[in-house]
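Okay, structure first, notes after.
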Amino acid sequence: MDLPLGLTGQHCGRQGGSGGTLPPLSIDMTTDLTDSLTNLQTTCNRHWDNELTDALQYTSLGRIRHDTRHHWWTHSPSRALDTAVTRLRIGHTRLNAHLHKLGMTADPHCPWCPTYPDTPEHLLLQCPRHHSHRTALLQSLSPLLLRRPTLADLLGGSPDPGLAFKILKHTRTFLHKSGQLHRI
């Protein structure tokens, strides 16, 4: 049924048998809002899982993984840590060096080391600000036979999935304790 120009849904209710109009149906906004939020959360979670799985199907060297099953890292209790690791792996971080490339900051250097670029490698392996956390990380990795880990090693780039999981667990602990998740 087409509405005449100038009439809104408030003016046009359901037509009754006698040609009169009935008031519009009342809508429970609480139920509709709850359903909308639930649908939105489900859609966001599905999108997160798909995007994260797609992003992490590539190795740190840019090669496609042969094993592209649904992986263990897609459902972690801490999405902030998952997001940080994913951003570090794909190189799209909020660190100054990347933001400088995008023209979003004037200075590409580390806030604590004015002569070094603020890169993932500097954050995880070199910055003196996080020396104590890095020392704990390296000590926890020494039983895994990693004395001088690379950035790829720390971000789960090992060909052995079990070893990659263990290393990534220690890297996530480092990121959490260093308090730098907001910068990644």
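Would you say ARG172 is in contact with a helix residue (DSSP H, G or I) (Cβ under 8 Å, 6 or more places away or on another chain), in contact (Cβ under 8 Å) with a residue 60 or more places away in the chain and among the basic types (Lys, Arg)?
Taking the combined requirement at face value, the residue satisfies it.
Determine whether THR173 is closer than 23 Å to SER78 by Cα, open to solvent by 60 Å² or more (accessible area, probe 1.4 Å) and in contact with a Ser or Thr (Cβ under 9 Å, 6 or more places away or on another chain).
Here the answer is yes, as THR173 does meet what is asked.
Give me a count of the residues in region 112-140 that are in contact with a Pro (Cβ under 6 Å, 6 or more places away or on another chain) and at pLDDT below 90.
Number of matching residues: 0.
The values are calculated or read from the model by the stated rules, or taken from the named source; none is laboratory data. These numbers were taken from a predicted model, which means no experiment stands behind them. Every residue, glycine among them, receives a Cβ derived from its backbone with ideal geometry; neighbour counts consider all protein chains shown. Side chains are part of the model used for accessible areas, which takes the heavy atoms of the whole protein and leaves out ligands, DNA and RNA. Shrake-Rupley method; radii C 1.70, N 1.55, O 1.52, S 1.80 Å.
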